[in-house]
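The values are calculated or read from the model by the stated rules, or taken from the named source; none is laboratory data. Values in this document were obtained by computation on a predicted structure and should not be read as measured data. In this analysis, Cβ positions are derived from the backbone assuming ideal geometry, glycine residues included, and neighbour counts consider all displayed protein chains. In case anyone asks, the SASA skips ligands and DNA or RNA and just uses the protein heavy atoms, side chains included. Shrake-Rupley method; radii C 1.70, N 1.55, O 1.52, S 1.80 Å.
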Amino acid sequence: MMEKMIFGRYIPAVSPMHRMDPRSKIILVFLFVCVVFIANNAITYGLLAIYTFLMVLSSKVPIRFILGGLRIVLWLVLFTLVLHLFFTKEGEVLFHWGAISIYEGGLKQGIFISVRFFLLILMTSLLTLTTTPIEITDGIEVLLNPLKKIKFPVHELALMMSISLRFIPTLMEETDKIMKAQTARGVEFSGGPIKDRVKAIIPLLIPLFIGSFKRAEELATAMEARGYRGGEGRTKYRQLRWSLVDTVMLLILAVVTAALVLFRS
Amino acid sequence: MKKLGLLAMIEAAFFAAFALILDLLPAIQLGPWISISFAMVPIFILAFRWGFKVSILSGFIWGLLQVAVGDVYFLTPIQFAIEYFIAFAFIGFAGLFYKPIQYLLQNGEKRKVLQWVILAIFVGSVARYFWHFLAGVIFWGEYAPEGMSPVIYSLIVNGGTMLGATILCSVVILLLLSNAPRLVQRKGIGAILGKKA
């Protein structure tokens with residue numbers, strides 16, 4: 001049960017990607033997502049593919065691991081490819097067999113779109129593979145800061161995110177414990193008729209909920225006792241630092257973008 | 001925006017984490033695209049306890065957690081923004097019915113409470129899955145070839161998931177409420193409602 005609930009996908013390693021500041025990493029991935037849409041011919045897509053491939057290599061995350069996590073999405077990529085092969089009817093007929101005919105336009109469209117799709121997924125999963133959830137939270141907090149102007153509770157949100165992340169393992173352990181206790185009493189969670197499975201959920205949820213209400217109250221009291229008074233003037237344990245790697249990485253992307261604009265048709 | 005109580009914030013954070021965990025538990029699968037899960041139950045409970053604002057925040061946190069943990073499907077930028085930053089937050093619309101639910105619970109009118117609860121769950125689910133539906137239309141609009149209707153496809157998948165989730169969540173919450181109404185009833189809520197009633 002517990003091994004099924006492996007959570008978070010961070011893989012520790014020493015690489016430029018890992019050393020980047022979460023802020024610049026999020027910006028990098030965001031920009032990449034926008035830049036991908038510039039590509040519109042074989043050269044530009046090839047360039048993007050090479051860039052992404054080099055990023056993956058430099059991140060030192062085992063490729064097997066990345067692809068393993070993308071299994072479902074790979075099917076989706078394949079599915080879009082097949083759809084385009086059979087349904088886009090543009091250009092010359094390349095292949096004809098009975099009712100099936102594949103057009104040149106369909107093949108091109110299919111390949112381009114699935115490559116774009118695949119690269120997008122690869123880069124976004126690279127972000128979560130090389131950044132811990134708590135780093136991502138810190139990054140999101142800083143990047144959302146401008147929203148404070150419209151009274152969006154950015155600080156509160158970041159605090160809640162870190163509380164959530166801190167308690168996920170605890171809650172998971174508790175869930176596991178209660179599920180085991182119920183299983184020992186003959187309850188089945190993953191099999192049997194639907195009616196029984198729904199009924200099995202109730203004795204799992206009630207103790208979990210009651211337990212977390214208690215815990216929430218304790219945490220609130222503890223925070224108030226230590227003088228928590230909201231966002232203003234709080235200092236941070238984890239400081240974010242912009243370094244050379246960040247600037248270099250963003251510059252590389254800028255160069256790639258320039259090349260894309262140059263070579264697009 | 002009025003400052004949120006610390007306790008409300010912490011409970012919202014916990015329950016977002018809960019939703020994330022429940023999403024990992026074995027769900028009832030109907031084909032590869034449609035899986036019915038009761039992961040929304042914690043957000044609904046929170047909505048009935050604290051109301052609209054807290055549950056919207058909690059839903060939003062759930063979405064952010066999915067992103068931070070990397071449990072996301074990134075298909076197109078717009079689809080991603082809609083599905084992870086908007087859709088989850090909209091579950092909080094169930095919190096619009098917080099006052100009548102608390103009031104009726106206080107007065108022990110069980111049957112009426114259940115009706116409001118089901119209505120609230122339905123509204124929350126529709127609000128959420130509307131966005132998933134829209135994201136589906138946008139995604140298929142961008143990736144699918146001409147001649148395939150993205151609207152119908154997305155409607156079938158998301159509508160099916162929504163109905164399943166609504167029914168499952170309603171059943172679970174009704175069972176929870178009849179076994180332990182104190183999950184929803186907040187301590188000292190009588191004083192707050194008393195002023196308004």
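Suppose the filter is modelled with pLDDT of 90 or more, within 11 Å of chain B (Cβ to nearest Cβ) and surrounded by fewer than 12 Cβ atoms within 10 Å (Cβ to Cβ); does A:Lys214 pass it? Yes: the conditions hold for A:Lys214.
Residue count for region B:51-70 satisfying the condition of being open to solvent by 40 Å² or more (accessible area, probe 1.4 Å) and either out of contact with any helix residue (DSSP H, G or I) (no Cβ under 8 Å at 6 or more places or on another chain) or of a type in the set (Phe, Trp, Tyr) (or both): 1.
Conditions tested, residue by residue: (1) in contact with an Asp or Glu (Cβ under 6 Å, 6 or more places away or on another chain); (2) surrounded by 13 or more Cβ atoms within 10 Å (Cβ to Cβ); (3) assigned to a loop (DSSP other than H, G, I, E, B).
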position: A:Thr52; (1), (2), (3): no, yes, no
position: A:Met55; (1), (2), (3): no, yes, no
position: A:Gly68; (1), (2), (3): no, no, no
position: A:Leu74; (1), (2), (3): no, yes, no
position: A:Val77; (1), (2), (3): no, yes, no
position: A:Val82; (1), (2), (3): no, no, no
position: A:Gly91; (1), (2), (3): yes, yes, yes
position: A:Leu94; (1), (2), (3): yes, yes, no
position: A:Ile102; (1), (2), (3): no, yes, no
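Selection over region A:183-201 of residues that are in a helix (DSSP H, G or I) and open to solvent by 70 Å² or more (accessible area, probe 1.4 Å) gives a count of 6. Taking the conditions (1) at the interface with chain B (Cβ under 9 Å from one of its Cβ atoms); (2) open to solvent by less than 40 Å² (accessible area, probe 1.4 Å); (3) in a helix (DSSP H, G or I) in turn, A:Glu224 satisfies each one other than (2). Just one of (1) closer than 30 Å to A:Val198 by Cβ; (2) under 21 Å from the mean Cα position of the chain (by Cα) fails for A:Leu171. It is (2).
Test A:Leu204 against the criterion of being within 26 Å of A:Lys148 (Cα to Cα), within 13 Å of another protein chain (Cβ to nearest Cβ) and open to solvent by less than 90 Å² (accessible area, probe 1.4 Å), and give yes or no. For A:Leu204, the condition - within 26 Å of A:Lys148 (Cα to Cα), within 13 Å of another protein chain (Cβ to nearest Cβ) and open to solvent by less than 90 Å² (accessible area, probe 1.4 Å) - is not met. Taken over region B:117-149, the criterion of being open to solvent by less than 30 Å² (accessible area, probe 1.4 Å), at pLDDT below 85 and assigned to a helix (DSSP H, G or I) is satisfied by B:Phe139, B:Trp140, B:Tyr143.
Among residues of region A:138-162 that are closer than 12 Å to B:Met9 by Cβ and without any contact (Cβ under 8 Å) to a residue 24 or more places away in the chain, those with a beta-carbon under 7 Å from a residue that is among the hydrophobic types (A, V, I, L, M, F, W, C) and surrounded by fewer than 19 Cβ atoms within 10 Å (Cβ to Cβ) at least six positions away or on a different chain give the pairs A:Pro153/B:Met1.
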